[in-house]
Amino acid sequence: MTENFNVNEASKDKQLEQYRADDQGEKLTTNQGLRVSEDEHSLKAGVRGPTLMEDFHFREKMTHFDHERIPERVVHARGFAAHGHFELYESMAPFTKAKFLQEPGSKTPVFVRFSTVAGSRGSAETVRDVRGFATKFYTEEGNFDLVGNNIPVFFIQDAIKFPDLIHAVKPEPHNEMPQAASAHDTFWDFVANNQETAHMIMWHLSDRAIPRSFRMMEGFGVHTFRFVNEEGRAHFIKFHWKPVIGVHSLVWDEAQKISGNDPDFLRRDLWENIDKGNFPEYELGVQILPEEEEFKFDFDVLDPTKIWPEEIVPVKLIGKMTLNRNVDNVFAEIEQVAFHPGHVVPGIDFTNDPLLQGRLFSYTDTQLIRLGGPNFHELPINRPVCPFHNNQRDGYGRQTINVGQVSYHQNSLAGNTPSPANPEEGGYVHYEEKVEGRKVRARSESFNDFFSQAKLFYNSMSEAEKKHIIDAFSFELGKCKSKDVRQQVVEMFGNVDTEMATSVAKKIGVKPPSSTQVNVTMSSPALSQSNTKKSPETRKVGVIVGNGYNSGEVDKVLNALKAAKVQPEIIGEMQGMVESVDGSKLEIEQTFSTTNPVLYDGLYVVGGDAEQPEMFRQQVLYFIEETYKHYKTIGISSNWATVIDRFTNEEPGVVLAHDLPEFTNKFLDSIAEYRHWDRMGY
Ligand code: HDE
């Protein structure tokens with residue numbers, strides 16, 4: 001008999017509740033529950049004597065500490081996560097029988113971990129890298145993990161090359177440098193000698209690889225999966241996550257400076273916004289392709305270095321995910337969560353994408369070393385919310401106390417239970433794809449076009465985005481010591497765009513590519529971030545205020561910003577209060593020494609009276625220069641427009657408060673626009 005249980009958005013939280021422990025107000029004990037009378041001194045033979053072996057409290061405390069760390073993830077070590085739920089818009093029954101995709105309005109609890117790939121667990125977060133976007137859906141039929149990235153394609157086509165790719169991008173083995181960076185010889189040597197990387201490299205050098213926020217990135221399942229419906233009919237599908245507030249990025253100079261100013265920039269942004277109730281939202285999209293159309297395109301649908309352009313196969317939005325709760329404990333939840341693309345539910349199946357096939361092995365294997373044994377599914381964060389029963393037993397850290405005599409199948413002593421479920425009872429049946437072929441180690445010829453979609457990507461970029469790609473190439477290759485590697489890469493990317501590769505060649509002191517320019521006509525507007533949603537919501541604006549400011553003007557602006565869900569942060573010379581000309585006060589939240597212009601999306605210079613020290617004016621000028629250089633919005637109060645005589649009204653993204661009602665609107669529009677690329681020549 002099947003058990004009855006319901007899953008709703010609170011199911012996971014309720015389950016986790018049993019494992020939460022709050023030590024506040026309690027007496028200190030050992031792990032055996034013994035109350036401890038002293039926790040500052042080890043047990044010694046005399047106050048100046050040796051420590052005694054007998055000190056079980058000292059030994060237990062120290063041993064536990066010695067074992068606090070577990071191996072970091074071999075990739076995606078640096079990450080952060082949050083809880084939330086997924087709500088379905090419309091039934092997907094025509095395509096899949098997955099239960100969590102049937103009832104419009106139904107809510108499934110989720111846990112999402114975002115990550116960088118190359119860096120170690122303590123590395124900076126705003127480095128140039130792919131971002132992981134892994135979602136665990138706790139469904140009534142078991143956990144479904146959508147383990148994706150923020151880039152829709154991958155570097156390689158076959159999983160057997162993954163160790164090589166990762167060895168090439170990780171710090172070089174002889175000196176363990178550089179940390180969390182692809183700008184070094186071995187990575188680019190790998191690229192030039194594995195040319196299937198071309199398309200992914202274009203994304204990696206684009207603004208996508210330096211997201212402004214985890215809340216402002218897309219996510220992609222990358223591989224082609226299958227939806228299978230109740231009748232057993234299958235469709236090829238690709239998964240997409242689309243952030244409701246649009247896709248936005250940092251600029252490179254800013255990203256590098258943030259790495260020093262706030263290495264936790266992306267997790268802090270996620271944590272603080274969830275904390276304040278600005279819940280990140282992403283719509284789930286699927287591209288759906290009938291199986292009969294498998295061979296309709298000039299690319300192979302099984303090739304993970306290819307997208308299905310959205311203009312050809314539209315993305316159908318089927319639901320929305322909201323992240324609304326921060327974790328209680330980073331280790332217990334974020335470090336111990338174990339994702340696996342093989343965690344599927346009935347109605348979702350795999351394809352023969354050779355990258356996906358290899359991943360289906362790697363993920364459980366890696367958890368065995370990372371989490372120390374086969375019982376990691378029992379950790380609170382990994383437990384499904386539905387019951388699980390099987391004949392697996394024992395192993396390190398086993399928590400379940402399986403009662404009874406029988407732990408094998410088939411049996412008669414337990415009435416042959418736990419018994420397999422038929423499909424009507426929710427038993428998972430693999431899609432009966434017909435497979436035949438010779439055993440070969442070879443790449444399918446249909447995987448051989450490495451450059452068409454790389455060209456499509458480049459051709460779809462705005463002028464600013466193209467410039468960023470050229471600058472990124474110049475930076476990355478400029479860091480390679482081997483001139484030969486630099487030359488090979490320039491030659492390779494001549495196949496994408498000769499003019500682009502020629503500009504790079506000039507900057508890095510090598511010969512231009514031997515190719516000739518072939519202009520492409522095809523473009524996919526969905527690939528360019530310049531077409532994304534623009535909104536001031538949740539943008540962080542630094543507001544520099546000194547004593548003697550004009551509160552009438554400033555209060556109105558601050559209120560208008562808050563009404564538009566912009567987040568102003570008051571910056572001043574020293575902590576405490578600043579006083580306006582009419583005696584009202586504002587609290588300084590950051591000082592010039594605790595913050596930096598790179599940490600804001602825009603700047604509002606309020607200034608103060610004429611008495612400000614020279615240092616204040618110097619800091620204002622520094623904030624303005626940096627903000628301007630990073631193409632962000634600058635607003636200046638009417639008082640200070642004359643003190644800062646650097647701008648005229650015509651400057652893009654510089655808003656001067658001559659006329660107040662117009663100022664706030666213009667300032668908000670400018671913040672929504674975010675980057676003012678028309679300053680490009682700057
Ligand atoms: Fe992963 N990947 N990967 N990967 N991956 C891991 O599993 C692997 C690939 C992705 O937040 C590891 O638990 C292979 C593509 C994310 O905990 C490991 C191949 C995509 C995360 C592993 C790939 C991903 C991982 C390391 C090539 C996007 C972090 C720790 C065949 C679709 C999950 C772990 C988290 C983590 C193997 C390629 C996404 C070693 C062999 C393509 C988001 O198992």
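Here are the numbers:
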quantity	calculated
Matching option when the condition is crowded, with 21+ Cβ neighbours inside 10 Å, under 20 Å from L656 (Cβ atoms), at pLDDT 95 or above and not basic (K, R), among L621, L603	L603
Residues that are away from the ligand (no atom under 13 Å from the Cβ), in a loop (DSSP other than H, G, I, E, B) and not hydrophobic (A, V, I, L, M, F, W, C), drawn from the stretch 319-350	D328, N329, P346, G347
Residue identified as in a loop (DSSP other than H, G, I, E, B), out of contact with any strand residue (DSSP E or B) (no Cβ under 6 Å at 6 or more places or on another chain) and either of a type in the set (G, A, S) or within 16 Å of Q195 (Cβ to Cβ) (or both) among S523, S503	S523
Qualifying residue in the stretch 167-180 (condition: surrounded by fewer than 21 Cβ atoms within 10 Å (Cβ to Cβ), within 13 Å of the ligand (Cβ to nearest atom) and farther than 26 Å from K242 by Cβ)	yes
Residue that is farthest from the ligand (Cβ to nearest atom) [pool: residues in the stretch 142-166 that are more than 22 Å from the chain's Cα centre (by Cα) and closer than 20 Å to V485 by Cα]	D164
Test: residue in the stretch 271-284 that is surrounded by 20 or more Cβ atoms within 10 Å (Cβ to Cβ) and among the basic types (K, R)	no
Odd one out for I210, checked against (1) crowded, with 24+ Cβ neighbours inside 10 Å; (2) within 20 Å of the chain's Cα centre (by Cα); (3) more than 16 Å from the ligand (Cβ to nearest atom)	(1)
Those residues of the stretch 120-131 which are buried (at least 23 other Cβ atoms within 10 Å of the Cβ) and either within 14 Å of the ligand (Cβ to nearest atom) or over 19 Å from E172 (Cβ atoms) (or both), in sequence order	E125, T126, D129, V130, R131
Residue list for the stretch 393-432, restricted to those being in contact with a helix residue (DSSP H, G or I) (Cβ under 8 Å, 6 or more places away or on another chain) and not small (G, A, S)	R398, Q399, T400, V429
Failed item, numbered, when W640 is tested on (1) of a type outside the set (D, E); (2) in a helix (DSSP H, G or I); (3) closer than 19 Å to D253 by Cα; (4) modelled with pLDDT under 95	(3)
Answer from S91, S37 - the residue that is assigned to a loop (DSSP other than H, G, I, E, B), surrounded by 12 or more Cβ atoms within 10 Å (Cβ to Cβ), away from the ligand (no atom under 16 Å from the Cβ) and among the polar types (S, T, N, Q)	S91
Pairs where the first residue, in the stretch 630-647, is in contact (Cβ under 8 Å) with a residue 60 or more places away in the chain and surrounded by fewer than 20 Cβ atoms within 10 Å (Cβ to Cβ) and the second is of a type outside the set (S, T, Y) and in a loop (DSSP other than H, G, I, E, B), C-beta under 8 Å, 6+ apart	S638/N550; S638/A657; S638/H658
Selection count where residues are closer than 22 Å to R20 by Cα, within 15 Å of the ligand (Cβ to nearest atom) and not in a helix (DSSP H, G or I), scope the stretch 373-391	3
Of the criteria (1) within 9 Å of the ligand (Cβ to nearest atom); (2) over 24 Å from the mean Cα position of the chain (by Cα), which one P104 fails	(1)
Scope the stretch 418-450; condition in contact (Cβ under 8 Å) with a residue 12 or more places away in the chain, of a type in the set (S, T, Y) and part of a loop (DSSP other than H, G, I, E, B); matching residues	Y428, Y431, S444
Scope the stretch 6-25; condition out of contact with any strand residue (DSSP E or B) (no Cβ under 8 Å at 6 or more places or on another chain), hydrophobic (A, V, I, L, M, F, W, C) and part of a loop (DSSP other than H, G, I, E, B); matching residues	A21
Residue count, the stretch 555-587 (criterion: of a type in the set (A, V, I, L, M, F, W, C) and either modelled with pLDDT under 95 or more than 19 Å from L668 (Cα to Cα) (or both))	6
Matching residues, the stretch 138-153, being closer than 30 Å to E310 by Cα and in contact with a helix residue (DSSP H, G or I) (Cβ under 6 Å, 6 or more places away or on another chain)	Y138, T139, I151, V153
Hits in the stretch 542-569 (condition: in a loop (DSSP other than H, G, I, E, B) and under 32 Å from the mean Cα position of the chain (by Cα))	A564, K565, V566
Matching option when the condition is closer than 26 Å to N547 by Cβ and not in a helix (DSSP H, G or I), among T627, T664, T594	T594
Conditions (1) in contact with a Lys or Arg (Cβ under 6 Å, 6 or more places away or on another chain); (2) in a loop (DSSP other than H, G, I, E, B); (3) more than 16 Å from the ligand (Cβ to nearest atom); number of the one not met by P109	(2)
Residue match in the stretch 56-67 (condition: of a type in the set (A, V, I, L, M) and either in contact with an Asp or Glu (Cβ under 8 Å, 6 or more places away or on another chain) or under 30 Å from N150 (Cβ atoms) (or both))	no
Residue check for L266: buried (at least 20 other Cβ atoms within 10 Å of the Cβ) and either within 21 Å of the chain's Cα centre (by Cα) or in a strand (DSSP E or B) (or both)	yes
Close pairs from the stretch 16-31: first exposed (fewer than 10 other Cβ atoms within 10 Å of the Cβ), partner among the aromatic types (F, W, Y), Cβ under 8 Å, at least 6 apart	none
Condition broken by Q367, with the remaining ones in (1) polar (S, T, N, Q); (2) more than 8 Å from the ligand (Cβ to nearest atom); (3) buried (at least 19 other Cβ atoms within 10 Å of the Cβ) satisfied	(2)
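The values are calculated or read from the model by the stated rules, or taken from the named source; none is laboratory data. The structure displayed is predicted, hence computed values, not measured ones. As a convention, Cβ positions derive from the backbone with ideal geometry for all residues, glycine included, and neighbour counts pool all protein chains shown.
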